[in-house]
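J.: Right, I'll just put the structure down here and ask away after.
The values are calculated or read from the model by the stated rules, or taken from the named source; none is laboratory data. Treat the numbers as computed from the prediction; the structure is a model and nothing was measured. Using ideal geometry, Cβ is built from the backbone for each residue, glycine included, and neighbour counts are taken over all protein chains shown. Heads up: the accessible areas ignore ligands, DNA and RNA and are worked out on the full protein's heavy atoms, side chains in. Shrake-Rupley method; radii C 1.70, N 1.55, O 1.52, S 1.80 Å.
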Amino acid sequence: STGNFNEDSAKIYTDFAFFTKNQLIAEEVDSVFKFIEHSYKDVHFDHLLISPINQRKRLNQLIKNEIKNAKANLPAKIILKLNNLVDKKLIDKLYDASKAGVDIHLIIRGMCSLKPGLADISERITVTSIVDRYLEHARVMVFHNNGAPLVFITSADWMARNIEDRVEVGLPIYSPPLKQQIIDILELQIKDNCKARILDQQQKNNYVSSNKLKKLSSQREIYQYLKQCENHD
């Protein structure tokens, strides 16, 4: 999803990459390159989230949908995995979602300007950061969508420069098995109690504590999980 295809980064990065022959996606990818070549021309995207064209608008819509579900007493949840979260407008949208009753878990490796756990503002938001043997570099977004999850991988961090000033691509995952695999991987990272730190408003960054006898290192568990997936295939 981020284009780090070279011999050096392949040894130390974790990421998601997607290959498809879906004609609708392929045509829109072609339109991305046409936009780069002729940015003055109108380009429309129904599937891809493209900065600076429609990415912010679509992210706002996705968050608003979770807020709508929460207010209707339906399950509402957002999981975001990003390198950096500093865009004020999107952070404010996440605060709005938390206040409306949306459960939000953020996995942020680098900069995070959002403050979790603030009374009446971000009580439903938790933030963890995983630093382990391999560099966590994936950017993933999961919106519960009342039990029909919407899953995206993207090249864009939630920073103003990535949303407004660069060409960045977000891709929807339509295959149910691939959706579930990505969600399973994120759930393992949320359960990490070895290499995950809690980002809190005091900026203590303490390791996640656990009373469980079993220690769970998400990178090791994901490796075993993917091996099982390969064996089943």
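Okay, residues lined up against (1) within 17 Å of N83 (Cβ to Cβ); (2) open to solvent by less than 100 Å² (accessible area, probe 1.4 Å); (3) among the acidic types (D, E); (4) assigned to a loop (DSSP other than H, G, I, E, B):
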site: P177; (1), (2), (3), (4): no, yes, no, no
site: D184; (1), (2), (3), (4): no, yes, yes, no
site: Q189; (1), (2), (3), (4): yes, yes, no, no
site: Q201; (1), (2), (3), (4): no, yes, no, yes
site: N211; (1), (2), (3), (4): no, no, no, yes
site: L216; (1), (2), (3), (4): no, yes, no, yes
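J.: Any residue that is more than 22 Å from K191 (Cβ to Cβ) and of a type in the set (K, R) - is there at least one of those in the range 62-69?
T.: yes
J.: Can you tell me which of (1) within 16 Å of V169 (Cα to Cα); (2) open to solvent by less than 60 Å² (accessible area, probe 1.4 Å); (3) of a type outside the set (A, V, I, L, M, F, W, C) is the one T14 doesn't meet?
T.: Condition (1) is where T14 drops out.
J.: I've got another one for you. Checking the condition modelled with pLDDT of 95 or more and not polar (S, T, N, Q), which residue from Y207, Y225 passes? Let's see the steps before the verdict.
T.: Details: Y207 fails: modelled with pLDDT of 95 or more.
Going through Y207, Y225 in turn, just one is modelled with pLDDT of 95 or more and not polar (S, T, N, Q): Y225.
J.: Those residues that are surrounded by fewer than 21 Cβ atoms within 10 Å (Cβ to Cβ) and among the β-branched types (V, I, T), I need them from the range 130-162; list them, please.
T.: V131
J.: Let me confirm something: among S31, S51, S39, which residue is more than 20 Å from the chain's Cα centre (by Cα), small (G, A, S), modelled with pLDDT of 95 or more and surrounded by 10 or more Cβ atoms within 10 Å (Cβ to Cβ)? If you could, list the steps in order and put the result at the bottom.
T.: Values: S51 fails: more than 20 Å from the chain's Cα centre (by Cα); S39 fails: modelled with pLDDT of 95 or more.
Step by step, each of S31, S51, S39 is checked, and only S31 is more than 20 Å from the chain's Cα centre (by Cα), small (G, A, S), modelled with pLDDT of 95 or more and surrounded by 10 or more Cβ atoms within 10 Å (Cβ to Cβ).
J.: Could I ask something else about it? For N73, only one of the following conditions fails: (1) more than 17 Å from the chain's Cα centre (by Cα); (2) on the phi < 0 side of the Ramachandran plot. What is its number?
T.: (2)
J.: Something else about it: List, please: which pairs have Cβ atoms under 8 Å, are six or more places apart or on different chains, and start with a residue in the range 19-41 that is of a type in the set (G, A, S) and end with one that is open to solvent by less than 60 Å² (accessible area, probe 1.4 Å) and modelled with pLDDT under 95?
T.: From residues that are of a type in the set (G, A, S), the pairs are S31/V43.
J.: In this structure, is Q189 over 30 Å from K21 (Cβ atoms), in contact (Cβ under 8 Å) with a residue 40 or more places away in the chain and in contact with a Lys or Arg (Cβ under 8 Å, 6 or more places away or on another chain)?
T.: Numbers: over 30 Å from K21 (Cβ atoms): no; in contact (Cβ under 8 Å) with a residue 40 or more places away in the chain: yes; in contact with a Lys or Arg (Cβ under 8 Å, 6 or more places away or on another chain): yes.
In short, no.
J.: Would you kindly identify the helices (runs of 4 or more DSSP H) lying entirely within the range 1-107 that contain at least 1 residues that are closer than 26 Å to N146 by Cβ?
T.: 23-37, 55-71, 88-100
J.: Run down N73, N65, N83 and say which single residue is touching a residue at least 40 places away in the same chain (Cβ under 8 Å) and open to solvent by 40 Å² or more (accessible area, probe 1.4 Å).
T.: On the way: N73 fails: touching a residue at least 40 places away in the same chain (Cβ under 8 Å); N83 fails: open to solvent by 40 Å² or more (accessible area, probe 1.4 Å).
From the options N73, N65, N83, the qualifying one is N65.
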